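A.B. asks: Pasting in a structure now, in structure tokens, and then I'll have a few things to ask.
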Amino acid sequence: MRSKWFVLFSALVILATLLAACQPAAEEAASEGAAVVEAADADAFWRTSADPTTWVETSIGDPETLDTSRDYETGGGEILANVYDTLVFMDEDKASTFVPMLATEVPSLENGGISEDGLTVTFHIRDGVKFHDGSDMTVDDVAFSFVRRILAGSTVSPQWMIVEPLLGAGLVDISEVVDPENTPYDDQEALKAYDAETLAAVCELVKTKVVADAAAGTVTFNLAQPWAPFIATLANGGWAAIESEAWVGANGGWDGDCATWQNYYAVPTEELNQLGIGNSAMGTGPYKFDHWTPGEEIVLTANEDYWMTEPMWEGAPTGAPAIKTVVIKQVGEFSTRLAMAQAGDADNILVGSTEDWPILDEMVGGEITYDEYMAGEPIVITDPTKPFYKVTDITFANNRTDIGFNFNVNTEGGNSFIGSGVLDGDGIPADFFSDVHVRRAFSYCFDYDTLAEEVMQGEAYRAPVLMLPGMVGYDEDAEHYTYDIDKCVEELQASTWVSEDGTQLYDLGFRMSAVYNVGNTLRQTIAELLQSGLQEAGAQFVVEVVGLPWPTFLANINAKKIPIFIIGWLSDYFDTHNWTSTFTSAYYSFKQNFPDELRAEFSEINSRAVQEFDPAERERIYKEEFNTLYYENAPAMLLFTTKGRHYAQPWENGWYSNPIYSNKWYYSLSKD
């Protein structure tokens, strides 16, 4: 891409050119000479890397795990996306347009890959692809990959995205198929107690849902109902990765025997990470896993025999990766990451939040908008002595950071995040946020405008509803919470919480923790704004801001220990269902301990909406039913989406912004 980057001159040169248009010819010639000098100076901006074959990326958190059945966060997602391939892939920077990857074509009604009734989706699998260990990838490996992960299950995994289309709308975990009435969610020992015949039948049922045909070279998915976002679901993420059945079995995972699958259900992450399937990876992708030293680095090396011989889109790479080694270093402090980038010891510039933008802007020597960048327009060099350039106006919003409430905090073994654990002025009870008035009070006690203007640099857009702009059901005019201390006080006074001696919540007060992951200064600031707002409502309301390392933060969320947590969500695929289901009937509804009746109410709406093929009716369901129920129950505090920026080293080539990626697909990158 460097060849498309023509250096433009600074604003002073542009001004000189304009002035020259009004001057005699001799003066115009002198002005042109000055411009030549400026261009020569600007050439100094395009510095080269000391090592163009190695990419050093700084990050602020280790993966939770590398097991494709369990990982559901961006730290691990980045590794899996580079080590494994999927059946289909996103078309460059487009979130909703797909190209074939390990499949030879994207299934459609037109090519016969999707049946007329929408219930079968058939992929023709590419021949000649090899895993990193040299073994052939087969259609049986493809089918096994999905069956294995469904059976591995657990409500803290991404498997609900595959379970729901294959086994029934509204289902989130294989344990619901074993026992719909008294579901043993996440409980391996309880699952093992079911009779062997029942368990084997469930396994065989799953195998009928993903069927390999070696003679035809196909894998067919048999859906429980038509599912519009099914192809999109398979274009990204560990839940869609194709892995080796032999390798999984040899590295601590299920070997495909239906008599034993229950032994591999909902294995705790710390146990997975003692096994090869959790602490390493082996796929068909452009990079091979080399090693993971927790807290320090992950290293990937180029797959020199990568099978990609035809570009997936115009200008896409083929063959072996240009970057031969990728080193992802864990560096918590922004100042350290910035110093590494300035020195050329890191190839990325990782900000902690939008609050860091002004600091970086002082170091920017060139600018371009994203649309201009993708069109091959020139980067404007404003100061060749400064080290970085930035790409602005990356407007496709696909993620957001919000504040979630835990309706019933886990107190097993003690829990310092809820203080004394009772309503005595020095803590909160475990089910403190089961009171809707408390949730509404917190929603009114947050200074949204300060976050938008002072932290997000005025480039933020308030989220009035759960889904993102551009998604079905998005309603910018929907009723939403605003910063209103009087209403916050009213809701606290309306709370049903009273102490043992009869003192009402507002008069007694409370103490609790708002938790964020260290290194993410945006989340830290959000916690501090909540702390400040509640203090304005009354000095008796004490929120302590607590930072935890990313793995510890994530482990405490998964253990349901944190009363309120500040977390970001990146869409798995760009569809409303991936937000409404994730947050109200699947993944986060379990982390937040939704009451069964509330989760069921949301699940009914979500299931009906995702199966609705009339766009107007689907829009109505979300706007009139879902959005209203969400606002009234206030299960989370919805904050802001923001325009993105990309700060880059001048030697970086091939980057583009795909909003679905966990971070980078290193195969597209090269360095000068």
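The values are calculated or read from the model by the stated rules, or taken from the named source; none is laboratory data. On a predicted model such as this, the values are computed, not experimentally measured, just so you know. Positions of Cβ are generated from backbone atoms using ideal geometry, with glycine treated the same way; all protein chains shown enter the neighbour counts. Surface accessibility is based on the protein's heavy atoms, side chains included, excluding ligands, DNA and RNA. Shrake-Rupley method; radii C 1.70, N 1.55, O 1.52, S 1.80 Å.
A.B. asks: So what J values fall out for segment 278-287 if you push phi through Karplus, 6.51 cos²θ - 1.76 cosθ + 1.60 with θ = phi - 60°, rounded to Hz, Gly and Pro as x?
C.D. replies: Rounded to whole hertz, the list is x, 10, 8, 7, 8, x, 10, x, x, 10.
A.B. asks: Then there is this: Considering only protein heavy atoms and a 1.4 Å probe, what is the carbon-and-sulfur percentage of the accessible area of segment 255-384? Walk me through the numbers on the way to the answer.
C.D. replies: Values: 2500 of 5420 Å².
Of the solvent-accessible surface of segment 255-384, carbon and sulfur hold 46 percent.
A.B. asks: Using a 7 Å offset from the Cα along the Cα-to-Cβ direction at both residue 320 and residue 274, what is the distance between the two label points in nm, to one decimal?
C.D. replies: Label at residue 320, label at residue 274, 3.9 nm between them.
A.B. asks: Then there's this: Based only on Cα atoms, what Rg/Rh ratio does segment 43-187 have, Rh being taken as Kirkwood's radius? All intermediate terms of the calculation are to be shown ahead of the outcome.
C.D. replies: Numbers: Rg = 19.4 Å, Rh = 18.4 Å.
So for segment 43-187, dividing Rg by the Kirkwood Rh gives 1.05.
A.B. asks: Out of segment 81-125, which GluC sites (Glu not before Pro) are coil in DSSP terms and have no more than 15 other C-beta atoms within 10 Å?
C.D. replies: Loop-located and lightly packed - 105, 110, 116.
A.B. asks: Once neighbouring chains are kept in place and the probe is 1.4 Å, which whole percent of the accessible area of segment 518-593 is contributed by carbon and sulfur? If you can, show how the numbers build up before the last one.
C.D. replies: Working: 1060 of 1940 Å².
The C+S portion of the solvent-accessible surface of segment 518-593 is 54 percent.
A.B. asks: In the neighborhood of residue 615, defined by Cβ-to-Cβ distances under 13 Å, what is the net charge if each Lys or Arg adds +1 and each Asp or Glu adds -1? Don't skip to the answer; put the middle values down first.
C.D. replies: On the way: positive: 618, 620, 623; negative: 575, 612, 614, 617, 619.
Its environment carries a net charge of -2.
A.B. asks: For labels at residue 614 and residue 375 in the simple 7 Å Cα→Cβ model, what's the distance in nm?
C.D. replies: For residue 614 paired with residue 375, the spin-label model returns 4.1 nm.
A.B. asks: Can you spot the aspartates and glutamates whose alpha carbon is less than 15 Å from residue 94's alpha carbon? Ignore those fewer than 8 places along the same chain.
C.D. replies: Here the aspartates and glutamates satisfying the reach criterion relative to residue 94 are 314, 371, 572, 575.
A.B. asks: Hey, another quick one. Taking amide H positions as placed 1.01 Å from N in the peptide plane, with prolines and chain starts having none, which residues 5 or more places from residue 518, or on another chain, fall under 5 Å of its amide H?
C.D. replies: 548, 550
A.B. asks: Can I ask one more? Return the distance in nm (one decimal) between the two label points of a simple spin-label model at residue 54 and residue 310, each offset 7 Å from Cα along Cα→Cβ.
C.D. replies: If labels sit at residue 54 and residue 310, their model points lie 3.7 nm apart.
A.B. asks: Could you please report the charge total around residue 91, scoring K, R as +1 and D, E as -1 over all other residues with beta-carbon less than 15 angstrom from its beta-carbon?
C.D. replies: Working: positive: 94; negative: 92, 93, 105, 310, 314.
The answer is -4.
A.B. asks: Under the 0.36 nm per residue contour assumption, what length would be gained going from the current alpha-carbon distance of residue 43 and residue 420 to full extension?
C.D. replies: Values: separation 377, 0.36 × 377 = 135.72 nm, distance 6.30 nm.
Contour length minus the Cα-Cα distance gives 129.4 nm.
A.B. asks: Same structure, new question: Rounded to two decimals, what is Rg over Rh for segment 290-429 when you use alpha-carbon atoms and the Kirkwood radius? List each step's numbers first, then the result.
C.D. replies: On the way: Rg = 22.5 Å, Rh = 20.2 Å.
Rg/Rh for segment 290-429 comes to 1.11.
A.B. asks: Related question: Taking only the Cα atoms of segment 530-635, how large is their convex hull per residue, in Å³?
C.D. replies: On the way: hull volume 14.1 nm³, N = 106.
Here the figure is 133 Å³ per residue.
A.B. asks: Among the listed pairs 192/664; 130/192; 130/664, give every one whose C-alpha distance is greater than 29 Å. Working shown, then result.
C.D. replies: Working: 192/664 40 Å; 130/192 36 Å; 130/664 23 Å.
Beyond 29 Å: 192/664; 130/192.
A.B. asks: Helix check for the chain. Which DSSP H runs span at least 27 Å along their own axis by Cα, with a mean Kyte-Doolittle hydropathy no less than -1.0? Mind dumping the intermediate values first?
C.D. replies: Values: long enough: 25-43 (28 Å, 0.13).
Flagged H segments are 25-43.
A.B. asks: Still on this structure: Just how much of residue 51 is accessible, in Å², when a 1.4 Å probe is used and the result is rounded to the nearest 10?
C.D. replies: That residue has around 60 Å² of solvent-accessible surface.
A.B. asks: What base-10 log of the normalised intensity I(q)/I(0) is obtained for segment 492-541 from the Debye formula, alpha carbons as equal point scatterers, at q = 0.15, 0.28 Å⁻¹?
C.D. replies: Log10 of I(q)/I(0), two decimals: -0.50, -1.03.
A.B. asks: For segment 424-509, which GluC sites (Glu not before Pro) pass both filters: DSSP loop (anything but H, G, I, E, B) and at most 15 other C-beta atoms within 10 Å? Each step should come with its number before you reach the end.
C.D. replies: On the way: sites: 453, 454, 459, 476, 479, 490, 491, 500; in loops: 459, 476, 479, 500.
For GluC sites (Glu not before Pro) across segment 424-509 that sit outside H, G, I, E and B with at most 15 neighbouring Cβ atoms in 10 Å, the list reads 476, 479, 500.
A.B. asks: Something else: Using modelled amide H (1.01 Å from N, peptide plane; none on Pro or chain starts), what sits under 5 Å from the amide H of residue 86, excluding residues fewer than 5 places away?
C.D. replies: Hits under the 5 Å cutoff: 102.
A.B. asks: Another one. Listed here are the pairs 487/623; 390/643; 591/623; 329/643; 324/386; which of them are more than 20 Å apart at the Cα? Walk me through the intermediate numbers first.
C.D. replies: Numbers: 487/623 25 Å; 390/643 13 Å; 591/623 25 Å; 329/643 26 Å; 324/386 28 Å.
Correct reply: 487/623; 591/623; 329/643; 324/386.
A.B. asks: GluC sites (Glu not before Pro) within segment 330-435: which are DSSP loop residues with at most 15 other Cβ atoms inside 10 Å?
C.D. replies: Working: sites: 333, 355, 362, 367, 372, 412; in loops: 333, 362, 412.
The qualifying sites are 333, 362, 412.
A.B. asks: For the chain, which longest stretch is free of loop sites, where a loop site is one of the chymotrypsin sites (Phe, Trp or Tyr not before Pro) that DSSP puts outside H, G, I, E and B and that has at most 12 other Cβ atoms within 10 Å?
C.D. replies: Working: sites that count: 6, 613.
By the stated rule (loop sites, at most 12 other Cβ atoms within 10 Å), 7-612.
A.B. asks: May I pose another question? At what distance in angstrom do the alpha carbon centres of segment 572-601 and segment 222-263 lie from each other?
C.D. replies: First find each Cα centre; the distance between them is then 22 Å.
A.B. asks: So if I take the alpha carbon set of segment 278-357, get Rg, then get Rh from the Kirkwood formula, what is the Rg over Rh ratio?
C.D. replies: On the way: Rg = 15.8 Å, Rh = 14.9 Å.
With Rh from the inverse mean 1/r over Cα pairs, Rg/Rh is 1.06.
A.B. asks: Right, next: For q = 0.17 Å⁻¹, what log10 I(q)/I(0) does segment 349-404 give under the Debye formula with an equal point scatterer on each alpha carbon and no solvent?
C.D. replies: Each listed q corresponds, in turn, to -0.66.
A.B. asks: Might you tell me the accessible area per residue for the chain, computed with a 1.4 Å probe and given in Å²?
C.D. replies: Ligands and nucleic acids excluded, the result is 38 Å² per residue.
A.B. asks: Continuing with this model, one more query. In a Debye calculation with equal point scatterers on the alpha-carbon sites of segment 243-291 and no solvent, what is log10 I(q)/I(0) at q = 0.18 Å⁻¹?
C.D. replies: -0.59
A.B. asks: Quick one: plug the Kirkwood hydrodynamic radius of segment 417-515 (C-alpha pairs) into Stokes-Einstein at 20 °C, 1.002 mPa s, and report D in µm²/s.
C.D. replies: Numbers: Rh = 15.4 Å.
Roughly 139 µm²/s, to the nearest whole number.
A.B. asks: Once Lys and Arg get +1 and Asp and Glu get -1 on their Cβ, which of 537, 493, 525 lies farthest toward the positive end of the dipole of segment 471-544?
C.D. replies: Comparing the listed Cα positions along the dipole, 525 ranks first.
A.B. asks: Does anything in segment 531-547 have its amide N under 20 Å from the 7 Å Cα→Cβ label point of residue 485, and if so which residues?
C.D. replies: Correct set: 531-545.
A.B. asks: Now, a different point. Taking the full set of protein chains and a 1.4 angstrom probe, give the accessible area of residue 132 in square angstrom, rounded to the nearest 10.
C.D. replies: 30 Å²
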